[in-house]
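Take a look at the structure below.
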Number of protein chains: 2
Amino acid sequence: MAMPLHATFVGGATGPWQVDRLTAVRGEDLPVVERLSVIEGRASALLATTGWTLWGVTSNERYVTRAEHIVLVERQPPLGRPEATRAALIPVRKTDQWWNLSQDERRAIFEERSRHVSIGLEYLPAVARRLFHSRDLGEPFDFLTWFEYAPADAEAFEELVARLHETEEWFSVEREIDIRLVWDAETRRRPL
Amino acid sequence: MAMPLHATFVGGATGPWQVDRLTAVRGEDLPVVERLSVIEGRASALLATTGWTLWGVTSNERYVTRAEHIVLVERQPPLGRPEATRAALIPVRKTDQWWNLSQDERRAIFEERSRHVSIGLEYLPAVARRLFHSRDLGEPFDFLTWFEYAPADAEAFEELVARLHETEEWFSVEREIDIRLVWDAETRRRPL
């Protein structure tokens, strides 16, 4: 995807996603809300009358090689599959130490030592994923990762999260919130 | 620098930098203005009553290796040297084709084939530089690069710009504006 796509995640009292649980995995927590909306673009913080808004932007790839990109594109499903009625929003902030590393050092931790892409590939095409960058927008988190999967794949998704928490890369995470969601709206999910 | 630093470049009728020339090197031009201010943070577009504002953010390094980083940090001068009364602001937008390349392909063009870092190193410590990213902010340019140098180094700076225009990387540039500036204020320049 060449053009950056902005999205705002609005946690509050309304929205088609019902919050199943909201856990501070590491660092400061985030207020618990009942429901979540995902809005294209930068929505006003005023929308979250009772909760919070988090804002991010898709961007160019930062670590993946062409060879890895080809395999990912071949296997990864689109967002919005009708059967993908479970979702996770996982906001993460990494340490200053991570950001002060050079590109080759971050890449080595990310893939050569932590196998971030290789592990993720094992859960395709079950889990759809979109990464939003927030750090350069002055937001409290560096990344907002959005995942979608079917109820039957919920256990596999738990395993994926657990495996990523065992990697060297995860030592660079200083704040992580895990928000699990269930699609709960009159309308069926439709492919985007 | 671990924390992202936002800055707004305001082109208009006021400001300590006098615009010596403003040239569209490639692609659509930008209105000519008389003066320029550099403001920390995101300043309102209303400030530019007669011109334009461009907004960017410093970010983590994207291509440079640790070995290159060490040499750069050792040689690069700070911004704001009293003798550096000339500056250049060079907003650039790259092609969609560039942004669709994977990280290893962009790195190969950037340094292995175009020697972007190596060429730049030859002009240190004469030329101070700070790169601001704009693409993910929804701005019309992808990068705003700010350079500062003394009048005696103006010719060397022209040579640096000309050499970068001869590289393979520059084929990925679809819009480039070259704005040259002269410090013209009552106050002397002070180190930041």
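The values are calculated or read from the model by the stated rules, or taken from the named source; none is laboratory data. Keep in mind that this is a model prediction, so the values were computed, not measured. Please note: Cβ atoms are built from the backbone with ideal geometry, for glycine as well, and neighbour counts cover all protein chains shown. Just so you know, the surface numbers come from the protein's heavy atoms only, side chains and all, with ligands and any DNA or RNA stripped out. Shrake-Rupley method; radii C 1.70, N 1.55, O 1.52, S 1.80 Å.
Some points to look at:
- The modelled label-to-label distance between residue B:62 and residue A:97, using points 7 Å beyond Cα along the C-beta direction, is 2.7 nm.
- Overall form of segment A:106-192 per C-alpha gyration tensor (a/c, 1.5; a/b vs b/c): oblate
- The protein assembly as shown shape via C-alpha gyration tensor axes, a/c threshold 1.5: prolate
- Coarse-grained scattering of segment A:22-82 at q = 0.30 Å⁻¹, given as base-10 log I(q)/I(0) from a Debye sum over alpha-carbon atoms: -1.25
- Net charge in the neighbourhood of residue B:56 (other residues with Cβ under 12 Å of its Cβ; Lys, Arg +1, Asp, Glu -1) is -2.
- Summary for residue A:77: label point 7 Å along Cα→Cβ; distances to the equivalent points in the other copies, ascending, 5.8 nm.
- Per-residue SASA entry for residue B:25, accessible area with 1.4 Å probe, Å² rounded to 10: 50 Å²
- Label-point spacing for residue B:124 across the identical copies (point 7 Å from Cα in the Cβ direction), in nm and ascending order: 3.7.
- Prolate/oblate/rounded call for segment A:23-140, Cα gyration tensor, a/c under 1.5 rounded: oblate
- Just checking the listed ones, B:66, B:35, B:86: in the Gaussian network model of chain B with Cα springs under 10 Å, the one fluctuating most is B:66.
- Among A:85, A:95, A:145, the largest mean-square fluctuation in a Gaussian network model of chain A (Cα springs under 10 Å) belongs to A:95.
- Given R0 = 45 Å, the distance between the Cβ atoms of residue B:50 and residue B:168 translates into a calculated FRET efficiency of 0.70.
- Axis-nearest residue of B (beta carbon) for the B-onto-A rotation, whole Å: B:136, 3
- Counting only Cβ charges, +1 for Lys and Arg and -1 for Asp and Glu, the dipole size of segment A:89-169 around its Cα centre is about 200 debye.
- Fluctuation leader among B:102, B:59, B:172 - chain B, Gaussian network, Cα springs under 10 angstrom: B:102
- Copy-to-copy label distances for residue A:168, where each label lies 7 Å from Cα along Cα-to-Cβ, are 3.0 nm in order of increasing length.
- Loop-located GluC sites (Glu not before Pro) in segment A:117-192 (DSSP state other than H, G, I, E, B) with a sparse environment of at most 10 neighbouring Cβ atoms within 10 Å: A:166, A:186.
- Per residue of the protein assembly as shown, the DSSP helices (runs of n ≥ 4 H) give a summed -39500 (n - 2.57) that works out to -5000 deg cm²/dmol at 222 nm.
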